[in-house]
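The values are calculated or read from the model by the stated rules, or taken from the named source; none is laboratory data. Worth saying up front: this structure is predicted, and the values here are computed from it rather than measured. Note: ideal-geometry Cβ built from the backbone for every residue, glycine included; neighbour counts use all protein chains shown.
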Amino acid sequence: MSPLPRLLLITCAAPLFACATGAEDANLRFFRDLAETRNYTLGRPVSPKLTPDGASVIFLRAAPRNPTLRLYEFTIATGEERELLSPGQLLGGGEEKLTAEEKARRERQRQSMRGFTSFLLSRDGARLLVLLSGRVYVVERASLKFTELPGENWIDPRFSPDGKFVAAVKNRELHVIDLATSQPAQITRDASATVANGVSEFVAQEEMKRNEGYWWSPDATQLLYQQTDESSVETRYIANALRPEEKPASFAYPKAGSPNAVVRLGLVPRTGGSTRWVKWDAAKYPYVARVDWVNPNAPPTILVQNREQTEQALLAVDPVTGGTTELLRETDSAWLNLDYEAELPVWLKDGSRFVWSTERRGSWQLELRDASGKLVRELTPITFSYREFVGLDEASGNLIVRGSLDPREVHLWRFPLAGGPGSPLTRDSGHHNAVLGARRLVHTYDHFTGKYGVRVIDIAGQPMAALRTTAEAPPRRPTTELTRTKSAPAFDAAITRPQNFEPGKKYPVILQVYAGPTVKRVNAVIRDYLPDQWMADQGYIVVRIDGRGTPWHGRDWERVIKFNFIDTALNDQIAGLQALAAHYPEIDLSRVGVTGWSFGGYFSAMATIRRGDFFRAGVAGAPVITWENYDTHYTERYLGLPQSNPEAYRVSNVTTYADELRRPLMLIHGLTDDNVYFQHTLQLADALFMAGKPYELLPMLGTHMVSDPVVKLRQQQRIIEFFNLNLKGAP
């Protein structure tokens, strides 16, 4: 029998917001509504796609308080909407069931919705493809007739480019289903308990945002697929604490410094047969970050990286021989970021040139290159904060991109392919998104004023039609003010005050923090601050600050954290709070609490332990504690390999400082988290116990992603009770 872990557990206290009659307090009702509506986003159109003829928009939508997505069609000319399909039609009143593999894929994608979480259109727009409970259905748009394809437990089904076949993965093998006969054929045959065909590995899904593991050729005669060998990857086990009789689930998880999955790519005929393996220097470039094969006039391309992510190469693949030719190579002494929001390169129709994104000049840009990879011209200026490639309209010779001159906002811009200045398609403060098709855009906007909508606009930005949303409106707009600190360097900041704010009064402060790579917390999207408003209304000033190490302020700003996750981040957050307090007298720096999740949980633990002179209490949710126990692709990008850089791991390890804790600290963690394992919180709990330091632990029955409304509500109650006790002295 293993020794019992050394933990200090706390029991749930009575809710603070229960009235004597048992009725729910208005503050509690506000957060319950917030959780049940998913920040008032349920009921909004999701994943809109234009049909190839540009006449309709196909999209998903849930009910305002039910996260089950249904399939709809909107006709642009008439403004009419019709429901195409609901999960209930396919389930016949039964419950949706997910395999363990599909649950893991959704966790990697942070997908907490139910029903049709995605759909595909055939190239001619006549058919739709949906996956539900591991079963694949083809829907005829004209008649709404649906057909279930044979088999179950399918993963990642996709139409062939000609619409005559569907490829999908089952039992770790790639299959092709002929839609004319509904007959599936297995086209790979060498999978095993540790070898999988047609699916991407853990770090590709979690860190590279590459969920695909196979790609159709444009002529639909063959497929390029990934084979993943995890035989050398460490196996981790997660048990269901409420079901000790159940066998633990196992996961191949490559922690920092340990072996990764071995990945190779192969070309196989649609009908099956022998595989031609793609040849590149996989010893030098083991990571396959991107794969593209869409244009019939351009070769398939792969973007591969070295393990340290300081060098990458874009390679053109010969689909006949499997040989590769280097189109371009990039290096960075710290690390290379991936363009997470775009599938680049994008080739022009004739295959003569392609669009590429790069940070080599110090900030993200788009550029045009010829078929050999030679630079033709820069397409976006270094002063423009490029975020995402939306599409290329060759008829007008323009690119549509997302980006802005203010990193807090994201707008739609048009840039000429021939070079020259761009022009904005949107101007209202907020975040704007779009999909391009048939020379028109489906434009989604989320203004800082609180206005939201989805509309169809032409390529010049002129409105054509508006889609309907059934989402509930928030009861009030947050008081949030966006600002920048008057410090050097200046930081983006957001301040949320109570609705009943009293000028001249001092308020305790809650720092709502992430403070790590890839995530920006100060954005001009007002609904993001609804949870902050709930906390503020309990009598706090809630603050967010983006210090150095966060994205969208240029290469040097972000890479200052190399080999040390915490020191710059911690100093910047404190400096930012001090600068704000000098300008806003309501901020009481003698009563500051800090809370965050994931990297934000890591920061909160570090801040509470290391800077108890400044932070009076902290709540650390799902924190990474020991970075040598987090995954390779993320951790090694910033800290290097632990074998080569042990000091980077020591200074970034929370347990290094366990004996410095002198302020109240609450740890929250899901027992079945397969991203940041519960191991992390246990390691800190044990180190604190051995150092004689008290702490509070809230173990939760769940994963890294918290989506259940009741769970979110109860978790938030516990957090605010903790701060009320330790920042206000409330019983």
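Annotations
- Leading residue by the ranking (surrounded by the fewest Cβ atoms within 10 Å (Cβ to Cβ)) among those in segment 556-575 that are over 24 Å from Y630 (Cα atoms) and of a type in the set (D, E, K, R): D556
- If the condition is being over 27 Å from the mean Cα position of the chain (by Cα), closer than 23 Å to A536 by Cα and not basic (K, R), then segment 614-651 contributes F614, F615, A617.
- Within the set R243, R236, R276, R264, the sole residue that is charged (D, E, K, R) and in contact (Cβ under 8 Å) with a residue 60 or more places away in the chain turns out to be R236.
- Per-region count, segment 526-569, residues more than 24 Å from E207 (Cβ to Cβ) and of a type in the set (A, V, I, L, M): 8
- Count - residues of segment 400-421 that are closer than 16 Å to A460 by Cα and not aliphatic (A, V, I, L, M): 7
- Set side by side, the residues D659, D631, D686 differ, and just one is charged (D, E, K, R), in contact (Cβ under 8 Å) with a residue 24 or more places away in the chain and either in contact with a Gly (Cβ under 7 Å, 6 or more places away or on another chain) or within 22 Å of V203 (Cα to Cα) (or both), which is D631.
- Restricting the search to strands (runs of 3 or more DSSP E) fully inside segment 43-148 and requiring at least 1 residues that are within 21 Å of V454 (Cβ to Cβ), outside the structural domain of T703 (by TED's automatic domain parsing) and not small (G, A, S) gives 46-50, 56-63, 66-75, 81-85, 127-132.
- Comparison of I574, I561, I510, I545 shows that the only residue that is assigned to a strand (DSSP E or B) and either within 30 Å of E359 (Cβ to Cβ) or of a type in the set (D, E) (or both) is I545.
- Considering each residue of segment 367-381 in turn, none proves to be under 24 Å from the mean Cα position of the chain (by Cα), modelled with pLDDT of 95 or more and closer than 26 Å to Q222 by Cβ.
- Complete set of residues in segment 642-693 that are among the polar types (S, T, N, Q), over 30 Å from K103 (Cα atoms) and surrounded by fewer than 21 Cβ atoms within 10 Å (Cβ to Cβ): Q643, S644, N645, T655, T656
- Scan of segment 317-339 for residues that are surrounded by fewer than 21 Cβ atoms within 10 Å (Cβ to Cβ) and over 29 Å from D631 (Cα atoms), ordered by number: D318, P319, V320, T321, G322, G323, T325
- Residue match in segment 719-728 (condition: closer than 24 Å to L570 by Cα, in a loop (DSSP other than H, G, I, E, B) and either hydroxyl-bearing (S, T, Y) or assigned by TED's automatic domain parsing to the domain that holds F599 (or both)): no
Table: residues versus (1) among the charged types (D, E, K, R); (2) loosely packed, with under 13 Cβ neighbours inside 10 Å; (3) assigned by TED's automatic domain parsing to the domain that holds G273; (4) within 24 Å of the chain's Cα centre (by Cα).
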| position | (1), (2), (3), (4) |
| --- | --- |
| Y214 | no, no, yes, yes |
| P218 | no, no, yes, no |
| L223 | no, no, yes, no |
| Q226 | no, no, yes, yes |
| S232 | no, no, yes, no |
| I238 | no, no, yes, yes |
| A241 | no, yes, yes, no |
| A252 | no, no, yes, yes |
| K255 | yes, no, yes, yes |
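- Candidates T632, T655, T672, filtered to the one that is over 20 Å from D567 (Cα atoms) and touching a helix residue (DSSP H, G or I) at 6+ places or on another chain (Cβ under 7 Å): T632
- When D613 is tested against (1) surrounded by fewer than 24 Cβ atoms within 10 Å (Cβ to Cβ); (2) at positive phi, exactly one condition is not met: (2).
- Complete set of residues in segment 480-512 that are crowded, with 21+ Cβ neighbours inside 10 Å and within 23 Å of S429 (Cα to Cα): T480, T485, F491, D492, A493, A494, I495, T496, R497, Q512
- When segment 342-375 is filtered for residues that are exposed (fewer than 15 other Cβ atoms within 10 Å of the Cβ) and not hydroxyl-bearing (S, T, Y), the ones remaining, listed by number, are E343, K349, D350, G351, R360, R361, G362, D370, K374, L375.
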